[in-house]
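Structure first, commentary second.
The values are calculated or read from the model by the stated rules, or taken from the named source; none is laboratory data. The structure displayed is predicted, hence computed values, not measured ones. Here the Cβ positions follow ideal geometry from the backbone for every residue, glycine too, while neighbour counts run over all protein chains shown. Side chains included, ligands, DNA and RNA excluded: accessible areas come from the protein's heavy atoms. Shrake-Rupley method; radii C 1.70, N 1.55, O 1.52, S 1.80 Å.
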Amino acid sequence: MNTIVRPDSSAAVSALFRRVADQGTVLAESLERGQAEMPLLQHFQSVQRGQSEAPFTLCVLGLSQAARTDILRWIIGLDFSLLSVEATRNLGLLELTLRERGYVLEGPRGSRREFDDVQHLIDALKEADVIRQGDGDTWVEPLRLAVPAAAGLQGVRLLMPENVKIVADDNAVLNRISRDCNALAIAAGREARLSDEDLVALEALVPSMDVVWPLVVIGEGESRSLDARGWWTDARLRGSGIVCSPIVISTDTALPPFLQNPQDPARRALFESQLSRGVRSAVDALNERYEANRRQLRMRKQKEERTEKGAVEVGTDATGRATADGLRNFLQEEFTTLQKGVQELNRKAMLVGGAVAATLDEALQTLQVTDLSQTPGHKVLQLTVSDSYLTHLTQAARRAAKDQLAKDLVLSRDGLSAAQAQFEKMAEKAFGSPLRIDFYPPDERALREVLGEVLRVQVRYKGEIPKRGFMQRLAEGRRLLFAALMTLSLFIGLLSGNSNARSLLAPFGLLFLIVFIGGVLWTYRSWQKEDAERLEKEVDKVKEQLRTEVQRLLMDAQREKMSRLTDHFEQLRREVTRRLDDFARQVSQHRASEQNRERQSARDRIRIIDQRIKDLDAQRSAMQKLEQDCTELRRECDKAIRACLGGVR
């Protein structure tokens with residue numbers, strides 16, 4: 001079975017690492033308690049496993065293809081110089097894990113393929129579906145190779161970028177190397193010069209490394225002496241870590257002790273430093289989560305305090321009262337407007353040319369002399385309006401009043417319906433819940449009965465015309481005869497001295513008799529005309545009396561109708577207002593109850609938040625202790641690296 005040899009940590013650093021990891025695990029579990037996912041806890045658990053499972057990782061950056069080939073040949077043998085050529089030509093990042101024996105290719109989604117010899121591995125690398133996996137903007141999933149190596153190299157993992165350009169251009173590759181490595185080996189020939197692209201890549205990569213090894217590749221038989229000035233002396237290689245003395249690489253150059261010996265102090269110090277970086281990252285994430293929780297709890301507490309202060313006490317809902325007052329004013333205005341509209345409609349109907357006036361005129365025009373009843377008296381004929389005509393006139397007045405009532409009811413129904421719709425809309429908007437109230441119309445049947453009772457035409461008219469008999473006819477003849485005699489007496493006065501006067505007057509006796517009889521007979525014609533004229537005058541007189549009487553009755557009926565309508569509107573307004581007040585009171589009480597519950601709930605949530613803040617404050621000392629131990633761990637690791645790597649320039 002293949003095994004991975006890992007460096008043994010020093011007892012003090014190992015104990016400090018375990019203490020920091022254990023403290024972080026406890027705090028992470030406390031912060032994430034109750035969550036479905038616990039990334040911080042998983043992070044610390046991964047850091048704990050890394051102490052026993054993570055390999056020692058070295059990044060090898062070849063500034064040229066030849067340098068990469070020579071470095072792989074130097075580290076893991078001749079066969080893998082071919083491997084590096086085939087693999088790095090197509091991959092962004094090559095990850096090599098040195099094993100005891102055999103060749104393993106790990107592909108995407110955990111796929112794993114084993115090979116007996118290197119040629120089969122090279123053939124597999126050429127397959128298009130396994131050459132490159134998962135290059136992304138924020139992450140790179142390199143192709144991982146496990147190859148056989150000597151016992152001292154087992155457990156070492158090499159990360160080799162395809163070229164310098166990919167380090168400068170691909171943040172995913174840069175982040176992967178910076179996360180997994182703290183040791184960088186830079187390989188180039190003796191005569192190499194750092195290009196602008198090389199410098200960009202080094203400036204991005206070197207600051208994240210604890211140690212940098214310049215590897216100067218020379219040809220076989222070349223001198224091992226190095227000039228005082230070369231690419232390995234560039235100040236930009238220093239960064240924030242240690243730059244070791246350059247190692248001259250040729251075919252007979254031995255591997256440095258930290259690669260050959262798993263127990264080498266330098267290798268152990270670098271491994272522990274890389275572990276401390278993982279711990280530092282986890283502690284920083286824990287601190288960030290701790291502060292984020294505190295900020296979130298403070299914000300929640302402020303929100304709950306505003307909720308508690310915003311709750312209104314029972315009976316102090318001024319907004320609800322103002323809303324109810326506004327709706328009451330709306331009702332008063334609507335009913336007043338509707339009442340005035342009905343009054344205006346009736347006023348126009350009673351004017352000349354109006355519907356009621358036209359119906360009344362039409363009925364009065366039908367009054368004839370025959371509609372006057374004549375009752376004989378001692379000397380006169382008494383005149384009264386016949387019952388049939390009064391019945392006809394009463395029916396016409398009632399019909400006109402009922403037609404007008406129908407128009408009034410239509411106007412009332414439409415107005416009430418519109419007012420109800422607007423009222424319910426305003427109430428729902430104001431209270432947040434529907435309020436259904438029926439704006440019922442006036443009782444048409446009761447109003448018709450009132451009109452029937454009021455409109456009863458009873459005229460007090462009593463006219464009369466003279467009653468003349470035969471003696472009045474003789475008197476009329478005599479009156480005419482007297483007129484003739486008076487005229488004749490003038491002539492008699494002139495003939496008073498004439499002896500023949502008597503003979504001249506003798507024929508007038510017969511004439512006077514004829515005049516008398518003619519006068520009596522003329523009364524049969526003249527009196528008919530006189531009686532007809534008198535009756536026409538009486539008819540006109542009756543019409544005016546009837547018009548006045550019917551108009552009075554119609555006005556009385558209109559006043560009674562408007563009184564009933566006004567009473568109806570007022571009663572309806574009171575009922576709606578009462579319903580509105582009851583509803584507003586219920587809504588106010590419900591809101592007050594909800595606000596009380598919300599206020600109490602807010603207080604309960606504030607108590608819970610205060611307890612959680614108190615729990616967080618109780619963890620502050622543990623967080624501070626964890627921060628101190630993490631800083632101490634990092635300081636001890638840096639001290640160990642500087643103590644072990646004596647070839648610092």
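Here are the numbers for this structure:
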{"quantity": "Complete set of residues in the stretch 392-432 that are surrounded by fewer than 20 Cβ atoms within 10 Å (Cβ to Cβ) and of a type in the set (Ser, Thr, Tyr)", "calculated": "394, 417"}
{"quantity": "In the stretch 52-95, residue most open to solvent (accessible area, probe 1.4 Å) [restricted to those that are under 21 Å from residue 274 (Cα atoms) and modelled with pLDDT under 75]", "calculated": "53"}
{"quantity": "Which listed residue, of 590, 568, is open to solvent by 60 Å² or more (accessible area, probe 1.4 Å), at pLDDT 75 or above and not charged (D, E, K, R)", "calculated": "590"}
{"quantity": "All positions within the stretch 33-51 that are open to solvent by 70 Å² or more (accessible area, probe 1.4 Å) and not in a helix (DSSP H, G or I)", "calculated": "33, 34, 36, 37"}
{"quantity": "Residue pairs meeting the criteria (Cβ under 8 Å; at least 6 apart or on separate chains; first in contact (Cβ under 8 Å) with a residue 24 or more places away in the chain, in the stretch 324-338; second among the basic types (Lys, Arg) and part of a helix (DSSP H, G or I))", "calculated": "331/573; 332/573; 335/573"}
{"quantity": "Given (1) farther than 16 Å from residue 58 by Cβ; (2) open to solvent by less than 60 Å² (accessible area, probe 1.4 Å); (3) touching an Asp or Glu at 6+ places or on another chain (Cβ under 8 Å), index of the condition residue 219 fails", "calculated": "(3)"}
{"quantity": "Residue check, residue 612 closer than 24 Å to residue 23 by Cα, touching a Leu at 6+ places or on another chain (Cβ under 7 Å) and assigned to a helix (DSSP H, G or I)", "calculated": "yes"}
{"quantity": "Residue 30 vs. criteria part of a helix (DSSP H, G or I), open to solvent by 60 Å² or more (accessible area, probe 1.4 Å) and either more than 18 Å from residue 215 (Cβ to Cβ) or at pLDDT 70 or above (or both)", "calculated": "no"}
{"quantity": "Any hit, the stretch 244-258, residues being among the hydroxyl-bearing types (Ser, Thr, Tyr), surrounded by fewer than 17 Cβ atoms within 10 Å (Cβ to Cβ) and under 16 Å from residue 43 (Cβ atoms)", "calculated": "no"}
{"quantity": "Among residues of the stretch 173-220, those that are assigned to a helix (DSSP H, G or I) and out of contact with any Ser or Thr (no Cβ under 6 Å at 6 or more places or on another chain), counted", "calculated": "17"}
